[in-house]
Amino acid sequence: MKYSKEEQKTLIDLSKQVLNTDVKDVETLISILNFHEYKYYIENNPVITDTEYDSLFHQLRRLEEDPDNLRPYSPTQRVSSDLNEGFTTVKHITPMLSLGNAYNLEDLQEFDKQLKKILGEDARFKYTIEPKFDGGSIALVYENDLLVRAATRGNGQEGDDITANAKAIKSIPLKAAFSKYNIVKAELRGETVIHKTIFDQKNQARASAGQTIFANARNAATGGLRMKDPAEVADRGLETFIFQIAYAIDKEGNDILMQLRSHFKSLDILTALGFKIADKERKLCNSIEEVGEFAESWQAKREGYSYEIDGMVVKLDDFAMQERCGMTSHHPRWATAFKFKAKQATTTLENVEFQVGKVGSITPVAKVSPVHLAGVTISSISLHNEEFILQKDLHLGDTVLIERAGDVIPYIVKAIPEARTGNEVKITFPEFCPINIEDNVALIQTEGEAAWRCPNCSCGAQDLQRMIFHVSKDAMDIDGFGKSNVERFQSEGWLRDISDIYALDYEAIAKLDGFGQRSAEKIKASIEKAKHNPLQKILHSLSIHHLGKKASKLIAQEITHIKDLANWKTEDFTDIKDIGPVVADNVIEWFSNEKNLALLDRLEQNGLDLSQKEEDKPAVIDENSIFAGKTILFTGTLKQMGRKEAQTLAERHGAKNISAVSKNLNILVAGEKAGSKLKKATALGTVEILSEEEFIERTQ
Ligand code: IVH
């Protein structure tokens, strides 16, 4: 059924209510779930997250535990279907079921309790735990050692025949020696996925070719399985992990699976047969506590893993016990999915604040109703620029879908227009600098840039951002002097621009609430140290538009004092390899502004050394350099210099610093207490090993 605007609004409102309360009405829940299935499967445009859907689904299942509540047309009474036209439908040898879910350690304990109920309180059993891949399910049938059929999950009973496509996936063996294990016919289950790096590359290529990009790796994988041309499948970089032998018989038709006894061992066999298994990522556990620990450790590692996983699957390891537990129409009782914390949520866009950055760019920041997501509470989300707001057609008051992957900053995936009441307000980007409205400074947009900028560089808001950047690790790296100190000292009236940082009154700081002699002295020491920072750092710390770390380094090598740049022409910049006209124009513009030159004077008066230092000088690399063309690695504690200093010295003599011992390493400098790296390098026999003294001697 198609839903009218009014109906959609009502159902979305109802969903929100139901998510926050326990609803007892089965019919309401069924209509809500039907609506969300329609949005997801028919329109391909979900208006709630998967987790929210799961939660509604579970509420219904709980109600249905009372048989009076069970309706034959309930969404729980079917396994969802992804059957497609254009493919032949094939029947699975055994049904492809879903999995029950566990969201925390208590749910795992409950799962364990249920199994003990079935198997007996004293039953001893093990669990296998392995990643739950987030891709497209696949079923592979092997007969007489040959791959004869591959199918999608479909509706669980029947799937699309995708044999030709599966044959294009290199990690699926076309031939596997099942006969070694007396197996003449087997059905395997697995998940087809895309490596995260390949996914990013494919999307970049699609974007530059003007094609639509994939919303996520799962869509790219499931779409990949259903392509009409197997050659295109091969090109998509799909890989298939196998996670289950669902069926295996010998030539008499006897069930071999029972003879294999353990799921964990069956995975060993699959590995031996050449299948791709999550081998290092699985574990055989003796208790549910051990399972919980492993699952939580993977929750923390999830982002760093090469493939998208949305949880861990816990399986009773013994096949005979699995059979005793049986299954519901929806999922086996002997397995469950420990779902990781959601990366998506829906919330309301309440307001937009416009913030000014260090080069005057205006960044719109969405203020949303606080919502818990992947371990943190989110209330502010950057909207990047005006184009982003227009593209997503965002309105104040909109219900928005937000996402956060690991440490990655949260972002707005989309607005949900179906949830609009009509009271939403279009977001308008300001024409004048929103920081000091009474100044009436018109914002400007440089051609080719999405950001609007405030050209009024004497605005205190920009100075604040520039000071925060100046002291940061990325710039002058003034230890112990972070954002909050900059804000505090600015509000005390002590800081107007970056030059004031070097003329602070430490006595006054010591008297501030929360400070004291010790912390004031610490700040002083860091600032004094920064006064002798290399020129490349100082240049970078000035917040010149487009001037990054690398370009600062390349430019600093060519000058003896920062003010030399006041006389530079475009060609002086562009003659340097890797420096383009955009950087040149921006640096020239900065140095042609009298106010900036006066700022440099103040910095110098306050003790900052603006001349070139040893570290800025270009490395004198010719074939006579002592370490020319050699790779070098420092290990252990160096006594006469810091690690960084030693690396710079080595670089200046032609060496390339690398970070690991391998056959590519030429020289290892072993300081005090050198450990495994020294051992490994010695064992290789090809690495020249130097003491710190020998290294220094060679560089003299
Ligand atoms: S076992 C009968 N193990 O998750 C048990 N499933 O919600 C069947 N999945 O459609 C599943 N990784 O495609 C199992 N290590 C894993 C898995 C896994 C991903 C998928 C599978 C299934 C869905 C179940």
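Each value in this text was obtained by applying a stated rule to the coordinates, not by laboratory testing. Computed from a prediction, not measured in an experiment: that's the story for all the values here. Because the Cβ atoms are built from the backbone with ideal geometry, glycine has one as well, and the counts that use them run over all protein chains shown.
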Subset of Lys524/Lys630; Lys301/Lys680; Lys196/Lys577 violating a 30 Å alpha-carbon distance limit
Lys524/Lys630; Lys196/Lys577
Can you list the HN-Hα couplings for segment 388-401, worked out from phi with the Karplus curve (6.51, -1.76, 1.60; θ = phi - 60°), rounded to whole Hz and with x for Gly and Pro?
4, 5, 5, 4, 8, 6, 7, 10, 5, x, 5, 7, 10, 9
Given Cα pairs under 8 Å that are at least 6 residues apart, what percent is the relative contact order of the chain?
9
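What net charge do the residues around Gly448 carry, taking every other residue with its C-beta under 14 Å from that of Gly448, with Lys and Arg at +1 and Asp and Glu at -1?
Charge balance in the 14 Å sphere: -3.
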Over segment 27-183, what is the relative contact order in whole percent, taking alpha-carbon pairs under 8 Å and six or more residues apart?
22
Packing-wise, with mean Cβ within 10 Å as the measure, how do 601-610, 290-299 rank, highest first?
290-299, 601-610
Long-range amide H partners of Lys414 with built H, under 5 Å:
Leu401
Pairwise centroid distance, computed over Cα atoms, of segment 207-267 with segment 124-193, Å:
6
Sum of side-chain charges, Trp568 neighbourhood, beta-carbon under 11 Å (Lys, Arg +1; Asp, Glu -1):
-3
When the helix-only estimate is applied to the chain (DSSP H runs of n ≥ 4, each -39,500 (n - 2.57), divided by the residue count), what is the mean residue ellipticity at 222 nm, nearest 500 deg cm²/dmol?
-10000 deg cm²/dmol
DSSP bridge pairs, the chain: antiparallel proportion in percent, nearest 5:
85
Would you mind checking Lys473/Lys511; Lys280/Lys414; Lys522/Lys639; Lys185/Lys283; Lys180/Lys663 for any pair whose Cα atoms are more than 32 angstrom apart?
Lys280/Lys414; Lys180/Lys663
Protection-proxy order for peptides 225-231, 541-547, each taking the mean of Cβ atoms within 10 Å per residue, highest first:
541-547, 225-231
Just for segment 561-695, what percent of DSSP beta bridges are antiparallel, to the closest 5?
15
How much length, in nm to one decimal, is gained on full extension between Glu688 and Thr89, taken as 0.36 nm per residue of separation minus their Cα-Cα distance?
209.2 nm
For 32-38, 307-313, 255-261, ranked highest to lowest by mean beta-carbon neighbours within 10 Å, the order is 307-313, 32-38, 255-261
Please identify the trypsin sites (Lys or Arg not before Pro) of segment 432-500 that satisfy two criteria: DSSP loop assignment and at most 12 other Cβ atoms within 10 Å. Which are they?
Lys473
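Just want to confirm a number: the relative contact order over segment 375-428, from Cα pairs under 8 angstrom separated by 6+ residues, in percent.
Relative contact order for segment 375-428 comes out at 38 percent.
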